[in-house]
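The values are calculated or read from the model by the stated rules, or taken from the named source; none is laboratory data. This one's a predicted model, so the numbers in the text were calculated from it and none came from an experiment. Positions of Cβ are backbone-derived with ideal geometry, glycine not excepted, and every protein chain shown enters the neighbour counts. To get the accessible areas, we keep the full protein, side chains included, count just its heavy atoms, and leave off ligands, DNA and RNA. Shrake-Rupley method; radii C 1.70, N 1.55, O 1.52, S 1.80 Å.
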Amino acid sequence: MINLKKTDPQIYELVKAEERRQKDVLEMIPSENYTSQAVIETLGTVLTNKYSEGYPKKRYYQGNAVVDQVEIIAQDRAKKLFGVPYVNVQAYSGSPANNAVMMATLKPGDTLMGLKLAFGGHLTHGLPLNVSGTYYNSVQFQTTKDGLIDFKEVEELALKHKPKLIICGFTAYPRVVDFAKFAKIADKVGAILLADISHITGLIVAGVHPSPFAYAHIVTTTTHKTLRGPRGALIMVTDKGLKKDPDLGKKIDSAIIPGLQGGPHDNQTAAIAVCLKEASTASFKKYGEQIVKNTKALAEALHTYGFDLVSGGSDNHLILIDLRNKGVNGAVAALALETAGIVANKNGVPFDTMPPFFPSGLRLGTPAITTRGMKEKEMKHVAAWIHHAIEEVESLALPIDKEERKGVWKEYKGDIIKNKNLLKIAKEIKSFCVKFPVP
Ligand code: DSN
């Protein structure tokens, strides 16, 4: 980065600071990961200079002979890896990808169904504040008290509202997604089934999570979570999807451009191609398997410290802790953990009575620390650190009253970031992390 250092030392220093931060802490946000140096190099290439609206061999601008080859390689690798007949690699990220699917399959006012955000769904699965919940008639399902998809409710709602699109695949769901059950319901009402597998793509590639490709009509995924690529997304149409509507691929292409986007980010497309090559290796499969082993080991260890895990454990890469039995709010816990060198995120739990900024839970994931080479043995240390960090803040209960909470939270924040025991854990974690280099 010699040029960046010379031109803009301020940004250079910030990039270096972030590099150090990512090395020194346990990154445990389940949607984050460390991408390879090959992917990072690709993002910083001259491909960023090009405009290429349109699709390979059908562009609105000249000079795209090279970009065409890049995009075709990305498409072919995705088709091969996932066994699909159609893919669009241009969506800027997961939310635009899901928006494109809605634009391709629905008219404004049509009905879609998805899991409520507060129960582990995503913004784009029909949240009333999101475009998916304002332009379309969004019917939302939730989970049972145990945090499991309530298929009885899903079926009842589907039969009553006859949605044109049903979305499954979630962001804070620690259990296997039963794509076959969703497909049965979608087929019964003639709906298109969209599987948004963003969180679990790496696990599906590794064969440690059931695959949606025989069941869904459309599959979307971000490329930067367990798939470990650059930020970006894939929209795939399955054989079942093309059978239902042979024009589905064309409709998605048109929804991306001119519907929602302009020129694709060609450096990102190239980096997606690189990540797909990496994902087709034996070592990627091992990494995917290890994610699940690590999460199970972490869940078991947390359980022994009395943590209440939503659904009782995990089948995938993430754990959702209901902190109410510890008397600690998710916001307090997340800040305590960050101070201790463990980066996670506060999260709602099923039937949470607290607001999204002060939810009752904590979401933790193992993909990034698995990429660093940590295994089951290390998960025991991680659980112990989490336990000790939460113990430090067990006396810091947040008031229910909003105004009262504001003042108390400000005071707690100041105390937490200066807490000597938390800072001591951060030091231990920093030296522990040296043994597990980032890619
Ligand atoms: N923000 C992502 C996550 O953390 O799950 C979803 O888009």
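With +1 on each Lys and Arg Cβ and -1 on each Asp and Glu Cβ, and nothing else charged, work out how big the dipole of the chain is about its Cα centre, in Debye to the nearest 20.
The dipole of the chain has a size of about 660 debye.
So how far apart, in nm, are the two label points at E13 and T48 if each is 7 Å from Cα heading toward Cβ?
Label at E13, label at T48, 2.1 nm between them.
Identify which of E18, E278, E155 has the largest mean-square fluctuation in a Gaussian network model of the chain, with springs joining Cα atoms closer than 10 Å.
E18
Given an 8 Å cut-off on Cα distances and at least 6 residues of separation, report the relative contact order of the range 43-188 as a percent.
Reported relative contact order: 17 percent.
Quick one: grab the alpha carbon gyration tensor of the chain, order the square roots of its eigenvalues as a ≥ b ≥ c, and give me rounded if a/c is under 1.5, else prolate or oblate depending on whether a/b is larger than b/c. Don't skip to the answer; put the middle values down first.
Details: a/c = 1.77, a/b = 1.24, b/c = 1.43.
Oblate.
Let me know the Rg and Dmax you get for the range 252-328 when you use only its Cα atoms, in Å.
Cα-based Rg and Dmax for the range 252-328 come out at 19.8, 54 Å.
How much area per residue is accessible in the range 309-439 when the probe is 1.4 Å and only protein heavy atoms are counted (Å²)? Each step should come with its number before you reach the end.
On the way: 5830 Å² over 131 residues.
Heavy-atom accessible area per residue stands at 45 Å².
Per the helix-only calculation at 222 nm, which mean residue ellipticity applies to the chain, given -39500 (n - 2.57) for every DSSP H run of n ≥ 4 and division by its residues, nearest 500 deg cm²/dmol?
On the way: 18 runs with 204 residues, N = 439.
Value at 222 nm, helices only, nearest 500: -14000 deg cm²/dmol.
How far, in nm, would the chain grow between D146 and Q37 when pulled straight, counting 0.36 nm per residue and subtracting the alpha carbon separation?
Extending this stretch completely gives an extra 35.2 nm.
List the lysines whose alpha-carbon lies under 21 Å from that of K5, not counting same-chain residues fewer than 8 positions away?
List returned: K16, K23.
Could you work out the relative contact order of the chain, using alpha carbon pairs under 8 angstrom and six or more residues apart, expressed as a whole percent?
The normalised contact order for the chain reaches 21 percent.
With the cut-off at 26 Å, tell me which of the pairs K164/K277; K380/K402; K326/K413; K225/K410; K402/K430 have Cα atoms farther apart than that.
K164/K277; K380/K402; K225/K410; K402/K430
At a Cα cut-off below 12 Å, give the aspartates and glutamates reachable from K420, other chains included and same-chain residues fewer than 8 away excluded.
By straight Cα distance, K420 reaches E392.
What whole-number value in Å² describes the accessible area per residue of the range 219-285 for a 1.4 Å probe?
Values: 2400 Å² over 67 residues.
Ligands and nucleic acids excluded, the result is 36 Å² per residue.
For the peptides 172-178, 333-339, 228-234, what is the packing order when you average, over each peptide's residues, the other Cβ atoms within 10 Å and list the highest mean first?
Packing proxy ranking, top to bottom: 228-234, 333-339, 172-178.
Which peptide among 79-91, 49-61 comes first, and what is the full order, when sorted by highest mean count of other Cβ atoms within 10 Å?
Values: 79-91: 20.7, 49-61: 15.2.
Ranking, from highest mean packing down: 79-91, 49-61.
Under a 10 Å cutoff between Cα atoms, tell me which one of M102, M354, M379 has the largest fluctuation in the Gaussian network model of the chain.
M354
So how much slack lies between T134 and K5, counting 0.36 nm per residue of separation and subtracting their Cα-Cα distance, in nm?
The span from T134 to K5 would gain 41.9 nm if fully extended.
Highest first, please rank the peptides 420-433, 279-292 by the mean number of other Cβ atoms sitting within 10 Å of their residues.
279-292, 420-433
Using the heavy atoms of the protein chains and a 1.4 angstrom probe, tell me the accessible area per residue for the range 64-131 in square angstrom.
With the other protein chains kept in place, the range 64-131 gives 38 Å² per residue.
For a label point 7 angstrom out from the Cα of D415 toward its Cβ, which stretches of the range 364-393 have the backbone nitrogen within less than 13 Å?
Once the point is set 7 Å along Cα→Cβ of D415, 392-393 turn out to lie under 13 Å by backbone N, inside the range 364-393.
If the elastic network links every pair of Cα atoms under 10 Å, which of A384, A273, A158 fluctuates the most in the Gaussian network model of the chain?
A384
Go ahead and collect, in residue order, the members of the range 253-273 whose backbone nitrogen is under 20 Å from a label point 7 Å along the Cα-Cβ direction of V66.
The answer is 263-273.
Ignoring ligands and nucleic acids, what accessible area does D196 show with a 1.4 Å probe (Å², nearest 10)?
It works out to around 10 Å².
So which lysines can K162 reach, going by Cα to Cα under 28 Å and dropping same-chain residues fewer than 8 places off?
Filter leaves K107, K116, K145, K152, K181, K184, K188, K240, K243, K244, K250, K251.
With all protein chains present, how much of the accessible area of the chain (probe radius 1.4 Å) comes from carbon and sulfur, to the nearest whole percent?
Carbon and sulfur together cover 56 percent of it.
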